[in-house]
Amino acid sequence: MLALSIAATVAAAVWAYLVVGHGGYWRASQWLPQVTGEPGRWPDVVAVVPARNEAGLLPTTLPALLGQDYPGPLSVILVDDGSTDGTAAVAARLGRGSGRTLRVVAGTPTPESPEPESPEPSEAAGRWAGKVWAMAQGLRAAGIPAGSDPGRATSTHPGSGYVLFTDADIAWKPGGLRALVAAAEGDDRDLVSQMALLRTATGWERVVVPAFVYFFAQLYPFRRVNKPGSRTAAAAGGCMLLRRAALERSGGVTPIRGALIDDVAMGRMIKGQRGRCWLGLSRQVVSVRPYPELASLWQMVTRSAYTQLNYSPLLLAGTIIGLLFSYVLPPAAAITGLALLVAGPATGPTAPATLAAGAGLAGWALMSLSYLPMLRLYRLSPLRAPGLPLIALLYAAMTADSARRHYAGRGAEWRGRTNRTRLR
């Protein structure tokens, strides 16, 4: 019992640090800056939309993007990434009469590349990741070659304007793009990214989705990402607005060609050139992709969880132990300590039980408090907050399964495509 009480005290101290000192990740306080005034001249924006078997969602999302009330020139390039459901035809039909330029590009298979020296995939490995290759083809259609040398612009006069990477499941609210560009111009940012508001229509979505954003913010505290000079870098793939000149300096997306988590890799690439980044939350950028069952949400998490850990068994073990220690231990200690106190002195000394119960309750309370802003963002009951330890346990199982799939050669299965890289 003494060991449990000491462990619970340490866990409570960890939560005290997370709440007070970890970049305020839990506050849900980073929203698009409100700039005074608007640009004198609205820059050109080219939106690149990688799409693979998205015919069912495009009638909802593509008209919203084409219908943005953006005052400057806006064109959309949709890259049909080997779809088999008529995505290209649906996109072309939706683009007719929209008043904006829509170009549908037939994507080509990822180029054959030599086997990387490392047995594990990496961001700069020779093999292109499927989505990043589609992004590169969109950039090429926009006049930004994918194979330029990083650090050297593609021409003596780097392009002006912005490139918007957005996903085919993202529905843009009116004014969303206008506010995004105004913030980038007004605050001189090379990358402005917003975390899309994910769907929470089903019971399992309400359990898994808010925690997904919460854990992402814990890994990459948005306030630290937004601080110039901070080493923390990330972005949200559904909405990434980049200065064209910054992309050209990096050589397009070539430096991250092997990245399976392209948004975080993009943030690192831009910060690597000392670019100014901003990442925050949004109600203007909404994902309409449904996850009706636990299986689909499980797939969403497992496809990238082990990738996030750099395919490291040590990091995997540390992550699972950390989840159990930080999230599961406090309520376990609280319940155990209270049960012993209720049972009375006959069960042994009461001091360790009192300490375990008090420290466990303190850690559990801080954890629940930190989850409230995310529940408020998704308009869910605060009574869900004490259940975060069970959700963390679910995520630990998903992370372990992500590693299992990787070693079975089934890593990063998504949209009908499988990354078959396997540890050798």
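Points to keep in mind about this one:
- Shape of the range 213-339, Cα gyration tensor, a/c cut at 1.5: prolate
- Solvent-accessible ranking of Lys131, Lys227, largest area first, probe 1.4 Å: Lys227, Lys131
- Classification of the range 159-236 by its C-alpha gyration tensor yields an oblate form. The axis ratio a/c (a ≥ b ≥ c) is 1.5 or more, and b/c is at least a/b.
- The range 190-314 - percent relative contact order, Cα under 8 Å, separation 6 or more: 42 percent
- Rolled with a 1.4 Å probe across the full set of protein chains, the surface gives Arg103 an accessible area near 120 Å².
- Average accessible area per residue (Å²) across the chain - probe 1.4 Å, nucleic acids and ligands excluded: 43 Å²
- About the Cα centre, charge dipole magnitude for the range 224-301 (Lys/Arg +1, Asp/Glu -1 at Cβ), debye: 520 debye
- Summarising the overall dimensions of the chain from its C-alpha atoms, the Rg and Dmax are 23.2, 83 angstrom.
- Helix 203-219 axis versus longest C-alpha principal axis of the chain: approximately 80°, rounded to the nearest ten.
- Unit charges on C-beta of K, R, D, E only; dipole of the chain, Debye: 280 debye
- With Cα atoms, 0 to 90° folded angle of helix 130-141 axis to the chain main axis: 30 degrees
- Tensor-based shape of the range 1-56 (alpha-carbon gyration tensor, a/c under 1.5 rounded, otherwise prolate or oblate): oblate
- Counting only Cβ charges, +1 for Lys and Arg and -1 for Asp and Glu, the dipole size of the range 251-401 around its Cα centre is about 660 debye.
- Residues of the range 327-341 with amide N under 16 Å of a point placed 7 Å along Cα→Cβ from Leu393: 327-337
- The mean sequence distance of close C-alpha pairs (under 8 Å, at least 6 residues apart), as a share of the length of the chain, puts its relative contact order at 22 percent.
- To the nearest 10, the accessible area of Phe222 is 20 Å² with a 1.4 Å probe.
The values are calculated or read from the model by the stated rules, or taken from the named source; none is laboratory data. These numbers were taken from a predicted model, which means no experiment stands behind them. Cβ sites come from the backbone with ideal geometry, for glycine too, and all protein chains shown count toward neighbours. Only protein heavy atoms, including side chains, enter the accessible area calculation; ligands, DNA and RNA are left aside. Shrake-Rupley method; radii C 1.70, N 1.55, O 1.52, S 1.80 Å.
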